[in-house]
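The values are calculated or read from the model by the stated rules, or taken from the named source; none is laboratory data. Remember, predicted model here, so these are calculated numbers, not experimental data. Virtual Cβ from ideal backbone geometry, glycine too; neighbours counted across all protein chains shown.
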Amino acid sequence: MKRTSVIRAVTAAAIVAAVAIPASSAFGSGSLTGAGSTLVQPLVQKVFGPDFQSSSGNQVAFSGVGSGAGIAAITGRSVDFGASDAPLTTSQASSCGCVEIAWALSATGPAFNISGLKTLNLSGPVLAGIYLGTITTWNDPQIQKINKGVKLPAEKIVPVFRSDGSGDTFAFTNYLSHVSSAWKSKVGLGTQVNFPVGTGGKGNSGVAAIISSTEGAIGYVSTFYVRGNGLTQATVENSAGKFTYPYIQDIAAAAALVTHVSANSQISIVNPSWTPPKKKGAKLTTVEKLQQIAYPIATYTYAIVPSQPKQASLLQQFLNFAITPAEQKKGASLTFAPLPASVVTVDKTEIGSL
């Protein structure tokens, strides 16, 4: 599709052990510790943390243990902040007493390992069928139908999923619940669900490793891990019927379609709807152009912090630093889109209230 100039724009003890923060940086007024999302891990460890230390002299140690473990860690107050790609449930929010701050924007999606195949289109119903176990070979007619002219092998499909509590799983199963009534009724959505078929891997890196070493495998991972592990990304069909990759512009387009953001907001940008033009051949509106390129499994990832943190001033400094345009821009090399201005405005208010 031709691109436009529109926006392309547990226990506390167990959690402490899992986080494995170095003792030298776990204490002291000049350091913060965090744990959670493996999706946001590279952004925190490669950009936010090092840049904040260079700028302020304060250290940030972050451990990618998965969104579920990150939520448990901040709820138990064994870290200064958690990180999750899944918003807190009502019960989690009540237990945590925390504020959710959308501080990064990226996506998760399917990567595959089929010898000799470099491109593959996948739709929501096909992905649901694969993970429900009703589509079991790569040359299934439903896959062939959306990959015309591509020679698909009569090879067994090996679905791979996250075995740990994961925001990626939340985004992926949220998408499947939107596009498949069978998935919604039989499995549903969450950071951990009972996948009917497949093999589990811990963290994005664990899933990527299994895909890389298993012929016929498919699994959902963030794009950073696709590139870092030499995997091949599939396209995913959006509501407009377009097959899109999780490129920066397509992630940004999904976010741009959500214009109302409220305080402590849980912002869903999964599977944006498509509104066809009223007249055939009519010029597309700005919204319609965004809908056409929007990646359907885009997601915000949240910093989760106590509403009354022990190191309020330092946390405010770090979070305000992370959402600056300069830091957000640096996320592009790791496949993170910059936060929309409306989200930054709400973030600043929330950070200021800590």
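Output the residues belonging to the range 171-210 that are basic (Lys, Arg), outside any loop (DSSP other than H, G, I, E, B) and over 20 Å from LEU122 (Cα atoms). Spell out how you get there, then give the answer.
Within the range 171-210, the first condition is being basic (Lys, Arg), and the residues that meet it are 184, 186, 202.
Then drop every residue that is not outside any loop (DSSP other than H, G, I, E, B), which leaves 184, 186.
Correct list: LYS186 only.
Mind checking which residues of the range 290-302 are part of a helix (DSSP H, G or I) and β-branched (Val, Ile, Thr)?
Start the filter on the range 290-302 by keeping residues that are part of a helix (DSSP H, G or I), which leaves 290-293.
Answer for the range 290-302, where residues must be part of a helix (DSSP H, G or I) and β-branched (Val, Ile, Thr): just ILE293.
Looking only at the range 116-145, how many residues end up being farther than 30 Å from ALA337 by Cβ and modelled with pLDDT of 95 or more? Can you show your working first?
Within the range 116-145, the subset farther than 30 Å from ALA337 by Cβ is 116, 132-142, 144-145.
Narrowing the set further to residues that are modelled with pLDDT of 95 or more leaves 132-142, 144-145.
Summing the residues that are farther than 30 Å from ALA337 by Cβ and modelled with pLDDT of 95 or more in the range 116-145 gives 13.
Being crowded, with 17+ Cβ neighbours inside 10 Å, out of contact with any Asp or Glu (no Cβ under 6 Å at 6 or more places or on another chain), farther than 25 Å from ASN139 by Cβ and charged (D, E, K, R), is that true of even one residue in the range 241-263?
The answer is yes, given that some residue of the range 241-263 is crowded, with 17+ Cβ neighbours inside 10 Å, out of contact with any Asp or Glu (no Cβ under 6 Å at 6 or more places or on another chain), farther than 25 Å from ASN139 by Cβ and charged (D, E, K, R).
I need a count of the residues in the range 130-160 that are surrounded by 21 or more Cβ atoms within 10 Å (Cβ to Cβ) and within 24 Å of the chain's Cα centre (by Cα).
Counting residues in the range 130-160 that are surrounded by 21 or more Cβ atoms within 10 Å (Cβ to Cβ) and within 24 Å of the chain's Cα centre (by Cα) gives 5.
Of the residues VAL305, VAL287, only one is more than 18 Å from the chain's Cα centre (by Cα) and part of a strand (DSSP E or B); which?
The conditions single out VAL305.
For the range 132-170, which positions are touching a helix residue (DSSP H, G or I) at 6+ places or on another chain (Cβ under 7 Å) and in a helix (DSSP H, G or I)?
LEU132, GLN142, ILE143, GLY167, ASP168 - these are the residues of the range 132-170 that are touching a helix residue (DSSP H, G or I) at 6+ places or on another chain (Cβ under 7 Å) and in a helix (DSSP H, G or I).
If you go through the range 308-336 one residue at a time, how many are in contact with a Ser or Thr (Cβ under 7 Å, 6 or more places away or on another chain), at pLDDT 95 or above and not in a helix (DSSP H, G or I)?
1
Kindly list the number of the only condition in (1) touching a strand residue (DSSP E or B) at 6+ places or on another chain (Cβ under 7 Å); (2) modelled with pLDDT under 95; (3) farther than 25 Å from ALA332 by Cβ that fails for ILE74.
Unmet for ILE74, out of (1) touching a strand residue (DSSP E or B) at 6+ places or on another chain (Cβ under 7 Å); (2) modelled with pLDDT under 95; (3) farther than 25 Å from ALA332 by Cβ: (2).
Of the residues in the range 275-291, how many are surrounded by 14 or more Cβ atoms within 10 Å (Cβ to Cβ) and at pLDDT 90 or above?
So in the range 275-291, the residues surrounded by 14 or more Cβ atoms within 10 Å (Cβ to Cβ) come out as 284, 287-291.
Retained after the next criterion (residues that are at pLDDT 90 or above): 287-291.
Selection size over the range 275-291: 5.
Can you work out which of the residues in the range 82-91 that are over 7 Å from ALA35 (Cα atoms) and crowded, with 24+ Cβ neighbours inside 10 Å is modelled with the lowest pLDDT? Walk me through it before giving the result.
Restricting attention to the range 82-91, the residues satisfying the condition of being over 7 Å from ALA35 (Cα atoms) are 84-91.
With the extra rule that they be crowded, with 24+ Cβ neighbours inside 10 Å, the set shrinks to 84-86.
Working: SER84: 94, ASP85: 92, ALA86: 89.
Only one residue fits best here, namely ALA86.
Has the range 224-232 got at least one residue that is among the hydroxyl-bearing types (Ser, Thr, Tyr) and either on the phi > 0 side of the Ramachandran plot or buried (at least 22 other Cβ atoms within 10 Å of the Cβ) (or both)? So that I can check it myself, show each step before the final result.
Taking the range 224-232 first, the residues among the hydroxyl-bearing types (Ser, Thr, Tyr) are 225, 232.
Now restrict to residues that are either on the phi > 0 side of the Ramachandran plot or buried (at least 22 other Cβ atoms within 10 Å of the Cβ) (or both): 225.
Yes: the range 224-232 contains one or more residues that are among the hydroxyl-bearing types (Ser, Thr, Tyr) and either on the phi > 0 side of the Ramachandran plot or buried (at least 22 other Cβ atoms within 10 Å of the Cβ) (or both).
So is THR173 at pLDDT 95 or above and surrounded by fewer than 18 Cβ atoms within 10 Å (Cβ to Cβ) or not?
On the way: at pLDDT 95 or above: yes; surrounded by fewer than 18 Cβ atoms within 10 Å (Cβ to Cβ): no.
In short, no.
Restricting to the range 92-138, name every residue that is of a type in the set (Ser, Thr, Tyr) and closer than 25 Å to ILE351 by Cβ. I'd like the intermediate steps shown before the answer.
The initial filter retains those residues of the range 92-138 that are of a type in the set (Ser, Thr, Tyr), namely 94-95, 106, 108, 115, 119, 123, 131, 134, 136-137.
Within the range 92-138, SER94, SER95, SER106 qualify.
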